[in-house]
Amino acid sequence: MIPYCSICWDNDKVKLLDQRLLPRDEIYLEITDYHEIIDAIKTLAIRGAPAIGVAAAMGAALGALALKTEDPKEFAIQFTYICREIAAARPTAVNLFWALDRMQALAQAHAAEPVGKLKELLVAEAQTMLKEDEAINRRMAQAGQVVIHEGSRVLTHCNTGALATGAYGTALGVMRAAWEAGKRFSVWVDETRPLLQGARLTTWELGKIGIPYTLIPDGAAAALMAKGLVDLAIVGADRIAGNGDTANKIGTYGVAVLAHYHGVPFYVAAPLSTFDFSLADGNQIPVEERAGEEITHLWGQAIAPADAAALNLAFDVTPHDLISGIITEEGVAQPPYASSLKTLRRSKG
Ligand code: MRU
């Protein structure tokens, strides 16, 4: 049992673990206003594609609860406006839009119900999405854990654990399932500049599960692979295009290129809610650009000259031909992805 959760619904409040403060402080925010959910997503108090999706759904539910109108038509207009506001929080993780589309589809399907009933349905739907995410992650982890062997040395980038999801994790969930299946292995954790999701969060989660890890600067991955010290890499995803091109935390593409050069298998683990089949390839994935201060400052302290120019792209796109397999809740897709992903999508129905 892991004694923390990224997000939950509690008596018409959203409780979320403030990831900006980890690992130093374990503090839960209690949120009743959807504007605070938007702020939490923007400032990465909650982050990771599936967790952002659940937060967006719960934010929409909070917004619905606060609406004063009893007129279903007016409710629909105002609810759409709230969903649009939440959708503008971050651009890359498609789970955000997927979750809001699902909430809006539910509202439309029940547009004739009294507003009170509609609010109940929306609150229930957001909680269902959280439960489903855990179940999906557990299935994905079971499907993927076969890629980890006794004694494997796994490299990972960013944070993809229970913190980044509703529960259990994606790439880190695959590691957790392998560990729970009795395999013993170790993990190289990329620190993941600039916001250190690896150093702060992945280490914290692996430590709680008991999986041995070693933290490395992002730039060390090449040397470790050259020395033959990495057996496979597994990462998560924020958005996967129809051809398998994968957007994930900045630096992931570099890991994939290194893995390819050194003959190290490189896997992506993501639920089908992270796929965007409307995009033919990764060139069309919007990449978030964040404030330069996230690079020039650390914990509020300047680490670069005050006038330093900084480019802070939060994600990069790994071309599908560098990916050995994409682990999903419906199984592990192998190249060629254009056809294997279609098959997985159909099997989901
Ligand atoms: O900016 P972040 O921390 O939200 O970026 C998160 C990632 O890139 C994760 O690897 C991705 O969302 C997968 S999480 C299961």
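Residue by residue, here is whether (1) β-branched (V, I, T); (2) touching a helix residue (DSSP H, G or I) at 6+ places or on another chain (Cβ under 6 Å); (3) open to solvent by 20 Å² or more (accessible area, probe 1.4 Å); (4) within 30 Å of E26 (Cα to Cα) holds:
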{"position": "D238", "(1), (2), (3), (4)": "no, yes, no, yes"}
{"position": "G244", "(1), (2), (3), (4)": "no, yes, no, no"}
{"position": "A259", "(1), (2), (3), (4)": "no, no, no, no"}
{"position": "P265", "(1), (2), (3), (4)": "no, no, yes, no"}
{"position": "H297", "(1), (2), (3), (4)": "no, no, yes, yes"}
{"position": "A310", "(1), (2), (3), (4)": "no, yes, yes, no"}
- Item | the stretch 177-194 residues that are touching a residue at least 60 places away in the same chain (Cβ under 8 Å), paired with ones that are not aromatic (F, W, Y) (beta carbon under 6 Å, 6 or more apart) | D190/H157; D190/G198; D190/D218; R193/D218; P194/E294; P194/I295
- Query: With (1) in contact with a strand residue (DSSP E or B) (Cβ under 9 Å, 6 or more places away or on another chain); (2) within 16 Å of the ligand (Cβ to nearest atom) as the list, and Y28 as the residue in question, which single condition is left unmet?
  - Reply: (2)
- Note on the structure: (1) within 16 Å of the ligand (Cβ to nearest atom); (2) outside the structural domain of E330 (by TED's automatic domain parsing) all hold for E125 apart from (1)
- Item | Matching entry among I250, I234 (being under 22 Å from R345 (Cα atoms), of a type outside the set (F, W, Y) and surrounded by 18 or more Cβ atoms within 10 Å (Cβ to Cβ)) | I234
- Query: Taking the stretch 218-247 on its own, how many of its residues are within 15 Å of the ligand (Cβ to nearest atom), in a strand (DSSP E or B) and under 23 Å from H149 (Cβ atoms)?
  - Reply: 3
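Matching residues to (1) within 30 Å of D245 (Cβ to Cβ); (2) in a strand (DSSP E or B):
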position	(1), (2)
N283	yes, no
V287	yes, no
A291	yes, no
A304	no, no
L311	yes, no
D316	yes, yes
I327	yes, yes
- All positions within the stretch 115-156 that are open to solvent by less than 20 Å² (accessible area, probe 1.4 Å), under 17 Å from K183 (Cα atoms) and not hydrophobic (A, V, I, L, M, F, W, C): G144, S152
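The values are calculated or read from the model by the stated rules, or taken from the named source; none is laboratory data. Model, not experiment: these values are computed from the prediction. All Cβ positions, even for glycine, are placed from backbone atoms using ideal geometry, and neighbour counts span all protein chains on display. Just the protein is used for accessible areas: all its heavy atoms, side chains included, with ligands, DNA and RNA removed. Shrake-Rupley method; radii C 1.70, N 1.55, O 1.52, S 1.80 Å.
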